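Below is one structure; the comments refer to it alone.
Throughout, read-outs are computed from the coordinates displayed, never taken from laboratory work. Because the structure is a prediction, the values reported are computed rather than measured. Heads up, the Cβs are rebuilt from the backbone with ideal geometry, glycines too, and the neighbour counts pull from every protein chain shown.
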Amino acid sequence: MASIINMDIAALRSFVMAENLGSFSAAAQALHCSQSALSLRIKKLEEQLQSTLFYRNYHNLKLSPSGRLLLTEAVSILHAHDKMVAAAKQSETLGVIRLGLPEDLTNRFFQYFLANQTQFADQIELTMDLCRNLIGLICEDKLDIAIVNAMPDYQGGETIACRDLKWVCAPTFDYQAEQPLPLALHPEGCIYREHTFKVLNTLGRPYRIVFSAQGSISVQAAVRSGMGLSIIAEGSIPDDLIVAPDHWDLPMLGQTEIRIFQKGDDSPAMNNFVSLLRRKLPIVL
């Protein structure tokens, strides 16, 4: 069995640079080493290969037949080596992550995901907005990743989890079955709002908007006061609100999906982060 020779990358780089520049002194200057160090590298390379690589004279260098054969392979090896190093460094180094979330996911994201992945704490630039707006920001290249709620009939993104939608109210809410459902909802553009209207209109169930606001804090405050019902995904329901009892016979709202939308950045670092989101978010959200 032939013995394995472990080539020295620095020696190969010195060999290629010397051939390219035509002298050891010029190659040494380009590689920021002394001429004697570069000469020693190439001498050890020749000893390993048991071949003369250069014909040396006072004026210039000339490749030997063995040197000409080595040159093409050495260039390929250095290219592959540098590509490998760049990929490895890129997979470990991730710049700013422009991440978008809807408001109802932010609390659990901070508490149960980011708190346990502190290596990303200084890298995430978080934007909170309505889901459709977040998808728009992805298309405009203003976000790298958007984690959104989507109804099953919405196209696009990668589904990583599903959650049941629930009618939610205050424990003291006075439900009047014969009256139009009083609703506290987010404004136009909210997918829960549109879905709720679609369900109620299909069934011919009367309703009225008693409160509308952009933020979940305001909507939930209205619900806590007993003004009306709202729709919240399971897992995001505050402890001081309750799911409407079954005997009220409110329409079933189905499920919402949590999806990841990602722009076309397929770097190893970004792909590793998205893989982490796929594994961890379904557990914490």
Would you please give the residues with an amide H less than 5 Å from that of Cys162, counting only those at least 5 places away or on a separate chain, with H modeled from the backbone geometry? Ile258
Pseudo-spin-label distance Gln117 to Lys142, built 7 Å along Cα→Cβ, given in nm, is 2.4 nm
Which FRET efficiency value, to the nearest 0.05, do you get for Ser225 and Asn107 by plugging their Cβ-Cβ distance into 1/(1 + (r/R0)^6) with R0 = 25 Å? 0.75
Could you compute Rg(Cα) / (2.2 N^0.38 Å) for region 198-285, with N its residue count? 1.49
Could you tell me what fraction of 2.2 N^0.38 Å the Cα radius of gyration of region 78-180 comes to, as a two-decimal ratio? 1.57
Counting only Cα, what are the radius of gyration and maximum Cα-Cα distance Dmax of the chain, in Å? 32.0, 105
Add -39500 (n - 2.57) for each DSSP H run of 4 or more in the chain, then divide by its residues: what number comes out at 222 nm, to the nearest 500 deg cm²/dmol? -13000 deg cm²/dmol
Normalising by the residue count of the chain, find the relative contact order in percent from Cα pairs under 8 Å and 6+ residues apart. 21 percent
Over the Cα atoms of region 9-92, what radius of gyration and what Dmax do you get, in Å? 13.5, 47
Between the modelled labels at Thr52 and Cys162 (7 Å from Cα along Cα→Cβ) the distance in nm is 7.7 nm
Considering only DSSP beta bridges whose two residues both sit in the chain, what percent are antiparallel, to the nearest 5? 60 percent
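Enumerate the helices in the chain for which the Kyte-Doolittle hydropathy averages 0.0 or more and the C-alpha atoms extend at least 20 Å along the helix's axis, using complete DSSP H runs.
What comes out of the filter, once short or polar helices are dropped, is 65-92, 268-284.
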Given R₀ = 51 Å, FRET efficiency for Ser76-Glu234 by Cβ-Cβ distance, to 0.05? 0.35
